[in-house]
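Read the structure below first, then the notes.
The values are calculated or read from the model by the stated rules, or taken from the named source; none is laboratory data. Remember, it's a predicted structure, so these values are computed and weren't measured experimentally. Counting neighbours? That spans all protein chains shown, and the Cβs are built from the backbone with ideal geometry, glycine included. Heads up: the accessible areas ignore ligands, DNA and RNA and are worked out on the full protein's heavy atoms, side chains in. Shrake-Rupley method; radii C 1.70, N 1.55, O 1.52, S 1.80 Å.
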Amino acid sequence: MSPFLFWLFASLTLIFGAAVVLNPNPVASALSLVASFLGLSALFMSLDAFFIGIIQVLVYAGAVMVLFLFIIMLLDLRAEERRRINWLAAAGGFGVAVILLVQICVVIVHFQAAKQTFPPLARPTSADVWNIGQLLFMNYNLPFQVIGVLVLVATVGVVLLSRREPR
Amino acid sequence: MITLGDYLVVSAILFTMGFAGVMLRRNLIVILMSLELMLNAANLSLVAFSRFRVGANGLPNYNGQVFVFFVITVAAAEVAVGLALLVALYRARQTTNVEDIRSLKF
Amino acid sequence: MAITVPRPRLTWRERWYLPTIAAGLAITFKHFKNTLLGRTKVTMEYPEQKWDAHLPDYYRGAPALVSDAGGRVRCVACQLCEFICPPRAIKIIPGEIPPGDRFAKVEKFPQEFDIDMIRCIYCGMCEEVCPEQAIFLRKDYAITGFTRADMVHHKEKLLEIGGVMHGVVLKWNEKK
Amino acid sequence: MDWFFIITSLLKITILLGVILFMVSYAVYAERRVSAFIQDRLGPNRVGPAGLLQPIADMFKLLLKEDFTPRSANTFYYSLAPGLAVAPAIITIAVVPFGSTLFGVPMVVADVNVGIFFVFAISSLGVYGIVIGGWASNSKYPFLGAIRSSAQMLSYELSLGLAVIPVFLLVGNLRLTSVVRYQIEHGWFIAAFVGDWMNPWKWLLAIPMIISFLVFMIAIFAETNRLPFDLPEAEQELAGGYNTEYSSMKFALYFLGEYAAMITGSAVVVTLFFGGWHFPGIPDGYHGWVFGLINIAVFFTKVAVVIFVFMWVRWTLPRFRWDQLMRLGWLFFFEIALVNIFLVAGILAYGPRL
Amino acid sequence: MPNEPAVQMFNVQIDGVWHRFPKGTRVIEACEQVGVFVPRYCYHKMLSSPGNCRMCLIEMGFPRLGPDRKPELGTDGKPIINWMPRPQICCAQDVAEGIAVRTDSPLVKECQRGVMEFLLINHPLDCPICDQAGECRLQEFSVDYGTSQSRFLENKVKKPKAVQVGPRVTLDDERCILCSRCIRFCQEIAHDDVLGFVDRGSHTVLTAHPGKSLDNNYSLNTVDICPVGALTSTDFRFKMRVWFLKETKSICTSCATGCNTVIGTREDVIYRQTPRENDDVNSCWMCDYGRLNYKYLEAEDRLLEPRIRSDGKLVPADWPTAIGQAALHLKQFAASEIAIVASGRMTNEELWLTAQLASSLGVKCIDIVPRRGRGDKILLSKDRNPNTNGVRLILGSRSAPGAKLMAIADAVRSGEIKALVILKENAMHLGLSVEELARLPALIVMNILRNAATEKASVVLPACGFAEKRGSMVNGKGRLQRLNRATRPPGNARDDWEILRDLLQGIDGGDSLHSIEDVFRRIRETVPQFAGLSLSKIGDLGVHILKIEELPATHPSDEEAIEQAIAVQAARRSVRSDLDRAYANPAESITRQAEAQTAPRR
């Protein structure tokens, strides 16, 4: 992975990530999030996680964010009008976030492995789908099925929630 | 060369952004999006660690990626439920602003 | 009032729709094949081939002013067509025929006679109402122009389309 | 990464892009001719011999039209959207093998190991072009088209994904070149029994594979907004749908995107079910560059036939109603595709190695 | 004999029903009063009845008298009628006691059919080119009472066509049905006996007496009363078919008589003005001078946009700018430095707003331009301002309207007056030179036409003519009458009252008047004569509100001042504009119109 591409996609991810938070318009936020996810997917692929990268695009960009956009448009959410900003709360939230960032960074700095580069792989273009599948169905079979049940429950819940009250 | 730390820092910044979004934004749907940002920041760390731990067979440690797979699945379910809740809320209150939803607040 | 259209209840076999879809595809493919092989009679190649031979006698094309055998423009600017015209396409400015003229006893003639062919709906009311048998709907239908002004038929153009009409009542003759 | 790889890749990309754009413009022409023939008309036959220069004339016409932006539109997204509609459709073709090899170079731009996932992932981004365009126009009908489009694409992506799983159960790999290789060895998936007539398992396998093909094909119709699923741009209801407010080149881009998506869809169908560039009796490119070229020609011929089917269906079937469309997607194709997976899995589990 | 009724009443049976009518009623009028229409051509209620068209033939009868000279009663207790064997004309017959009339018997119908057939024998079938078509009695009765086919195969009699019997009237003898209405009008109403019949039988033609011409000021009334298209207005001839005309009821503003009129317009072009019957004002007539005095509304020199003076030049401006500029000018000067010259041609509403303007500015110097000409005994009044009495009522000045004008002119000349507001008048009527006007620091002109004074103005406000606005006027006899809007003003010109309202608001920012009805309501509160009225209550025929006899006689000194102002106008005649000429002398204006009609419209 060339450093140039890494920084390119990292900055893409971060800039659009910031845009998500800063944009007053929900549609613009959602689109920024899509762009951010695309960058993130590229970062995943730079870590030889092709399957995860593609799943990221397929699930997040292709489905989840379309759902977001759909809901935003359906509810006709407009740009946030300027309300009275509670400066104390805003400063507090921002402060907490900064403290969190500093804390994590301190941890990373003191983490020895963080200074090492990634070791090379034996076969760079390995079929990671097959490997993940192996692991998923062998080692993590139970959690996988639990997840399936969870998704089923979520589906039923969503159907129930979005049904209009019969009048 | 790019080190593990670089990925971790990117992940940390992304996580903090999501966190700040959750803290500062007042629109529920944007809060939900910021939440996704945080989850994905965690995913990035997981994948980075997975790639960092190369096993004896010369392959990455796929446990981390399996975990990311789970996270993505759960996140998709979470978004579906979250948005359904949001729509239900909007139907009841005609708003998605958290400041307007204060029935449990003194 | 709402009309409830009775819908037939379909059997489960019919509800597969696949046979009917296949039948539909077969029909369209048959048409495709026939046209491709030149077996079907296709649309007319319009500018080269024209309708003219097929137009019925009662076809209503562009309205036009006619002259009679004596060379007189039959319109006397009575403006009845202007009055009756549903889309108000006709505009007439009447004038007086000078005393020395061959047709001076008709007294009145259209100084300007414009039909806006963008407005004209080819209804034929002008022809119906005309007391002088001066305006007729001819068979011209390809009325084209590059500007809106082009599409306004002036008196000269109308007379050109109309030409000379034989067999009309000669009302303004000497007997009158 | 050596220079040879980069140069051949760039060459492949350029040529493929050119071919796709050429095919798009002539697909529009073909659409008009096919529709005309089906309706006993002639279609465009004035510009050039048999109207073959019509696409060029159309292009100039669209280029010279006034590029109009509604005053209340969201200008940035309004301009961005047509690009978003075209890009995914064209990017997708990168992973599709359009030939065997030519001078030892594999005729695929990027032979990634998650090939079909890539196709789905990128083509699922195509919905953004439509949704953003409809939303940014700030107009009633485009917006309705956008809403319909997003719901429709989400619904049919499921069937699309599930319908191809049988293919990969058989191949055991997501790589599209592997799919083609498997079909060369074991017969095309649409008719696996060809060449192995006496094997009852292959006959049994043909049933779920044909179902899989039908579901996939129908889902592609829905994904590319082709009739009978063109609800996002239903002229009679939505006055053109998401592209109502667009004109000139922006409109042309939408048009381009729609046809590029159709071509890509056809290419994927050909690759997954019709053996890609393979035709029985024709050896692949390792046996000489002539065969390599023939392979490419075979592939594009197959694509053209599938495109014809797209058009044929469009001018035959009427449009579905919105609720029918959604019910069909969720309550019919989704289940069929699921059951189909179990069928194939069962055959694989209890049958001999196929 | 006090018990006897003033007018003797007679019992008359019409179509089997008995009615009572006063003595002297003509049978045709009696029929009309009970709603039975008898067709007629020669009869006109304002004229004598010669009975020469025979269209009004009816069956008539008298009660059978018994030996005792009393009517014999039938079994139903009603008198038995002795019907005359031949039909009678009902226009020349006055009602008498016991007379009976049948208007729809088979005999009557047969007579009507016969008369129509005879009338149509020589009448050309040239309705398509006849201007009367659409309001032609011959056309109408031919449909109602005639037959649908002609049995006449012989050649029709040829007669002179397009004869100019007068400067404004064209005669087509072939169409004439010899009803003699026009002849009688000239004799009885206009007192100018110029028309008559010559030759006999089928060859009888109408003509002007040798050496005479139908050129009196009422000649166009003959066109109105001609039941067919024989007499047509040379001015209106071949211009527009009558069925296109939108008819707006209005009044003539050319003199103080205020004849009621109908203005015929199509697509904002006035094609003709015809009198409207009002027995209290103008009967059925109006003079040619007033009738044709509308063409200046379409003149070339109409003011079409507001203009303001900027860097010494008049430049076009939009309305708010022009009004703002005018208000600014007026606010700069002291009340004693401003003079307002209003017009006797303005409506009451406009005059009231002018008075408000004057009072809000504190202006005392305000008057109108007096305007006089030769009157006649018929309709034309000596006072050529249509609303002098309105000025009297609303401006409420002590002196007679117009008496102060010369004083204002002198004040302008001496420089006492620095701002002059001229409303709907030519400033040249003040007798000032163009240079003297140009010297004024502020000259605000609201007018219809461009003239020498508007070119020197600092603000020009284009206004509406009489046919383009609504409003009310008080005529010379004290009758309040209403103007209605027939056309839209050309260009950017605006309704006068709106201009004045905006100007008023620009000066004192006062309360808003949203419609002309609001203005009238305010007049109602301030002027006692208007009490209880509204624009709609005035009605089409007007309301008498002012007793002229009770007005104080004009003071001799005022009279002298007015005469002086008239003299100034007369002196200006060598330099006046066309419009002024039109108002100055009817005869001249009519000649001018006769010349103008050969020129193309617009």
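What to note about this one:
- Cα long-axis angle, helix E:586-596 against chain E (0 to 90 degrees, to the nearest 10): 80 degrees
- Of the residues D:P82, D:F333, D:I165, the one whose Cα sits farthest towards the positive end of the charge dipole of the range D:68-350 is D:P82 (charges of +1 on Lys and Arg Cβ, -1 on Asp and Glu Cβ, taken about the Cα centre).
- Residues of the range B:68-82 that bury at least 20 Å² of accessible area when the other protein chains are present, relative to the chain alone (probe 1.4 Å, heavy atoms, ligands and nucleic acids excluded): B:F69, B:F70, B:I72, B:T73, B:V74, B:A76, B:A77, B:V79, B:A80, B:V81.
- Oblate is the label for chain A, because the ratio a/c of its alpha-carbon gyration tensor axes (a ≥ b ≥ c) is 1.5 or higher and a/b is not greater than b/c.
- Nearest 10 degrees, 0 to 90: helix B:4-24 Cα axis against chain B principal axis: 0 degrees
- The aspartates and glutamates within cross-link reach of E:K547, meaning a Cα-to-Cα straight distance under 20 Å and a gap of 8 or more places when in the same chain, are E:D279, E:D280, E:D383, E:E525.
- Gap separating the Cα centres of the range E:66-83 and the range E:301-374, nearest whole Å: 77 Å
- Net charge dipole, chain E: roughly 560 debye, given to the nearest 20, about the Cα centre with Cβ charges of +1 for Lys and Arg and -1 for Asp and Glu.
- Each peptide in E:10-21, E:199-210 gets a packing score, the mean of other Cβ atoms within 10 Å over its residues, and the list from highest to lowest is E:10-21, E:199-210.
- Whole-number accessible area per residue in Å² for the range E:121-296, which is evaluated in the context of all protein chains at 1.4 Å: 36 Å²
- Global geometry of the protein assembly as shown, whether rounded, prolate or oblate, following the gyration tensor of its Cα atoms and the 1.5 cut on a/c: prolate
- Residues with amide H under 5 Å from that of E:L449, placed H, sequence gap 5 or more: E:L303
- Put simply, the Cα atoms of chain E extend 94, 62, 42 Å along their principal axes, the longest span coming first.
- Put simply, the convex hull of the Cα atoms in the range E:477-577 casts, on average, a shadow of 10.6 nm².
- In this structure, the amide hydrogen of E:N282, modeled 1.01 Å from its nitrogen in the peptide plane, lies closer than 5 angstrom to those of E:N260, counting only residues at least 5 positions away or on a different chain.
- With bins 10 Å wide beginning at 0, the percent of Cα pairs of the range E:299-573 falling in each bin runs 7, 31, 38, 21, 3, 0.
- Accessible surface of the range E:313-440, 1.4 Å probe: 52 percent of it comes from carbon and sulfur atoms.
- Part-to-part distance (alpha-carbon centres) for the range E:498-575 and the range B:50-64, which is given in Å: 104 Å
- Residue by residue along D:151-158, Cβ atoms of other protein chains within 10 Å of the local Cβ number 2 on average.
- In angstrom, the C-alpha Rg and Dmax of chain B are 17.8, 60.
- C:Y46 accessible area, assembled protein chains, probe 1.4 Å, Å²: 90 Å²
- Summed buried accessible surface, chains A and B, 1.4 Å probe, nearest 100 Å²: 7100 Å²
- Carbon + sulfur, % of accessible area of the range E:1-81 - ligands and nucleic acids excluded, 1.4 Å: 53 percent
- Pairwise Cα distances in the range D:225-283 exceed 14 Å for 67 percent of all pairs.
- Loss of accessible area when A meets D, both sides summed, Å² nearest 100, probe 1.4 Å: 2100 Å²
- Membrane-span-like helices in chain A, defined purely by DSSP H runs whose alpha carbon atoms cover 18 Å or more axially and whose average Kyte-Doolittle hydropathy reaches -1.0, are A:3-22, A:26-46, A:87-110, A:141-162.
- Mean separation of Cα pairs under 8 Å and 6 or more residues apart, divided by the residue count, gives chain E a relative contact order of 11 percent.
- Taking all Cα-Cα distances within the range E:121-296, those exceeding 29 Å account for 22%.
- The dipole here belongs to the range E:299-573: it is taken about the Cα centre, uses +1 on the Cβ of Lys and Arg and -1 on the Cβ of Asp and Glu, and is about 560 debye.
- Taking chain C as a whole, the Cys residues whose C-beta sits 4.7 Å or farther from every other Cys C-beta are C:C75, C:C78, C:C85, C:C120, C:C123, C:C130.
- In the complete set of protein chains, residue-level accessible area for D:M59 is approximately 90 Å², probe 1.4 angstrom.
- Evaluating kT/(6 pi eta Rh) at 25 °C and 0.890 mPa s, with the Kirkwood radius of the range D:68-350 over Cα pairs in the Stokes-Einstein relation, gives 125 µm² s⁻¹.
- Annotation for the D:C interface, with buried accessible surface near 1500 Å², both sides summed [1.4 Å probe; non-protein components not counted].
- Computed from Cα atoms, the angle from the helix E:348-361 axis to the main principal axis of chain E rounds to 10 degrees.
- Exposure of D:W312 as accessible area (Å², to 10), given a probe of 1.4 Å and all protein chains: 50 Å²
- Selected from E:T347, E:T321, E:G373, residue furthest toward positive end of dipole (the range E:314-453; charges at beta carbon): E:G373
- Accessible carbon and sulfur surface of the range A:1-81 relative to its total accessible area, %, 1.4 Å: 75 percent
- Three-way shape label, the range E:134-173, alpha-carbon gyration tensor, a/c 1.5: oblate
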